[in-house]
Amino acid sequence: MKQPAAALIFTLLIGAATAAPGQTPMAHRFIQVAPGVYAALGNGTIETRSSNMVIVNADDVLLVDTNITPEATRRLIDDIKTLTDKPIRYVVNTHWHYDHTDGNQVFGPEVTIIGHENERSGILAGVLKNRLALEFQNLPGQLENIRKQIAEATDPARKKQAEDRLKVQEVYQEQLKETVPTPPTMTIADHLTLFRGDREVRLLYLGRGHSDTDLMVYLPKEKVVATGDFFEGPGTGALAFGFHDEWANNLEKLKALDFETVVPGHGEPFKGKDQIAYFQAFLRDLWNQAQTLHDQKVPVAEAAKRIDLSAHREHYRNINGAGFQEATVARIYQVLDQRSGSN
């Protein structure tokens, strides 16, 4: 389905959860963002967590990120076959986090998995193994909370929604057990450009942000960029990671790229650069308030209650007033302590 680039409109191509008898239902829906370039989003039938970008080249496919379990990634591979019969030859991890890399293990030696050099060293050192252990620790409580919602629900629609969610999460718990943390087989420190037919794909490390492994996948001709969790547009994303002051500064490098469409690590693709400035302002305000409280030796729990980011409510719906996530404040304190040599 080819469209003039100047008048490109996101096109929902495939996403039905139904399938012919004997066939496995699709787990993803695809949105075309440029000729041969698609955002892939989970449709809720299984836990997928991250969004992906699928780039269909002249002879092969490049996949951006793997999903949260090997099974979810196998389902993604099957779903991509509804777009093309070309083989996946490259996988790019936008960063090391488990919801973007836990499917790496399903690919054989014919597929090159590319990531930042810090990702490979971190996975080999055990970061994914530790995160997997934490997920298993947290899952029973999450499942119990859903069961409580089901028991307390009075609205039939909400009850059904919670029941469906419980089924997905119980299956996810089983699927997660087969995960073997698998690092990239090719690493980059700064940048790498791939040419696949007439397609140019630039992999760019813009500096530390959501992690110290964030890679942008930039298509200059199509003016499309996959940003992972480095920039999620209308959402603040997960903030209990990273280097928030450096993150705000390094977003300037993203802003300098000539792009029109973003495929984020979570959620739908979107257009425009305006939201980068909003996110920079949010990050700087968060960092400055937390740093002031840190320097005053205010405990993390108390600091989390005092931080007020309501000035950013216009752009981020999850900001409801004073108070912020304690885990995020703890992360900022940790970075400050590490820089000062306190820890």
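The values are calculated or read from the model by the stated rules, or taken from the named source; none is laboratory data. Note that this is a predicted model, so its numbers are computed, not measured. Virtual Cβ from ideal backbone geometry, glycine too; neighbours counted across all protein chains shown.
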### Message
I'd like the full set of residues that are on the phi < 0 side of the Ramachandran plot, assigned to a loop (DSSP other than H, G, I, E, B) and surrounded by fewer than 17 Cβ atoms within 10 Å (Cβ to Cβ), limited to segment 187-234.
### Response
Ala189, Asp190, Asp198, Pro220, Lys221, Pro234
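Table: residues versus (1) polar (S, T, N, Q); (2) more than 30 Å from Lys253 (Cα to Cα); (3) touching a strand residue (DSSP E or B) at 6+ places or on another chain (Cβ under 8 Å); (4) in the same structural domain as Ile113 (by TED's automatic domain parsing).
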residue: Ala162; (1), (2), (3), (4): no, yes, no, no
residue: Arg165; (1), (2), (3), (4): no, yes, no, no
residue: Thr185; (1), (2), (3), (4): yes, no, yes, yes
residue: Lys223; (1), (2), (3), (4): no, no, yes, yes
### Those residues of segment 106-123 which are more than 18 Å from the chain's Cα centre (by Cα) and surrounded by 12 or more Cβ atoms within 10 Å (Cβ to Cβ), in sequence order
Val106, Phe107, Val111, Thr112, Glu117, Ser121
#### Entry: Filter result for Gln137 (at pLDDT below 95, surrounded by 15 or more Cβ atoms within 10 Å (Cβ to Cβ), polar (S, T, N, Q) and over 18 Å from Pro183 (Cβ atoms))
no
### Task
Just one of (1) modelled with pLDDT under 95; (2) surrounded by 18 or more Cβ atoms within 10 Å (Cβ to Cβ) trips up Ala151, so point out which.
(2)
### Task
Within segment 280-314, count every residue that is in a helix (DSSP H, G or I) and either among the basic types (Lys, Arg) or touching a Pro at 6+ places or on another chain (Cβ under 7 Å) (or both).
3
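Have a look at Ala226, Ala133 and point out the one that is without any contact (Cβ under 8 Å) to a residue 24 or more places away in the chain and among the hydrophobic types (A, V, I, L, M, F, W, C). Walk me through how you get there before you give the answer.
Working: Ala226 fails: without any contact (Cβ under 8 Å) to a residue 24 or more places away in the chain.
One residue alone meets the criteria, Ala133.
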### Task
Check segment 258-275 and report whether any residue there is surrounded by fewer than 17 Cβ atoms within 10 Å (Cβ to Cβ), more than 26 Å from Gly42 (Cβ to Cβ) and modelled with pLDDT of 95 or more.
yes
### Task
Please enumerate the residues belonging to segment 276-299 that are under 30 Å from Glu222 (Cα atoms), crowded, with 18+ Cβ neighbours inside 10 Å and either free of Cβ contacts under 8 Å to residues at least 12 places away in the same chain or not hydrophobic (A, V, I, L, M, F, W, C) (or both).
Gln280
### Task
Go through the residues of segment 236-257 one by one and say whether even a single one is part of a strand (DSSP E or B) and among the hydrophobic types (A, V, I, L, M, F, W, C).
no
#### Entry: Index of the failed condition, Val56 passing every other in (1) in contact with a Phe, Trp or Tyr (Cβ under 9 Å, 6 or more places away or on another chain); (2) surrounded by fewer than 21 Cβ atoms within 10 Å (Cβ to Cβ); (3) within 13 Å of Val106 (Cβ to Cβ)
(3)
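Of the residues Ile123, Ile113, which single one is closer than 30 Å to Met53 by Cα and not in a helix (DSSP H, G or I)?
Just a single option satisfies the conditions, and that option is Ile113.
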### Task
Give me a count of the residues in segment 154-186 that are loosely packed, with under 15 Cβ neighbours inside 10 Å, assigned to a loop (DSSP other than H, G, I, E, B) and touching a residue at least 40 places away in the same chain (Cβ under 8 Å).
1
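Quick grid of which residues meet (1) assigned to a loop (DSSP other than H, G, I, E, B); (2) more than 21 Å from Pro25 (Cβ to Cβ); (3) of a type in the set (Phe, Trp, Tyr); (4) outside the structural domain of Pro25 (by TED's automatic domain parsing):
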{"position": "Thr45", "(1), (2), (3), (4)": "yes, no, no, no"}
{"position": "Thr66", "(1), (2), (3), (4)": "yes, no, no, no"}
{"position": "Gly108", "(1), (2), (3), (4)": "yes, yes, no, no"}
{"position": "Gln142", "(1), (2), (3), (4)": "no, yes, no, yes"}
{"position": "Ile146", "(1), (2), (3), (4)": "no, yes, no, yes"}
#### Entry: Test: Ile319 is part of a loop (DSSP other than H, G, I, E, B) and under 25 Å from the mean Cα position of the chain (by Cα)
yes
### Task
Pairs only if they're at least six apart or on different chains, beta carbon under 8 angstrom, first in segment 190-204 and not assigned by TED's automatic domain parsing to the domain that holds Pro87, second modelled with pLDDT of 95 or more and surrounded by fewer than 17 Cβ atoms within 10 Å (Cβ to Cβ); list them, first residue then second.
none
### Query
Counting just the residues of segment 223-266 that are touching a helix residue (DSSP H, G or I) at 6+ places or on another chain (Cβ under 9 Å) and among the hydroxyl-bearing types (Ser, Thr, Tyr), which one comes out farthest from Ala327 (Cα to Cα)?
Thr227
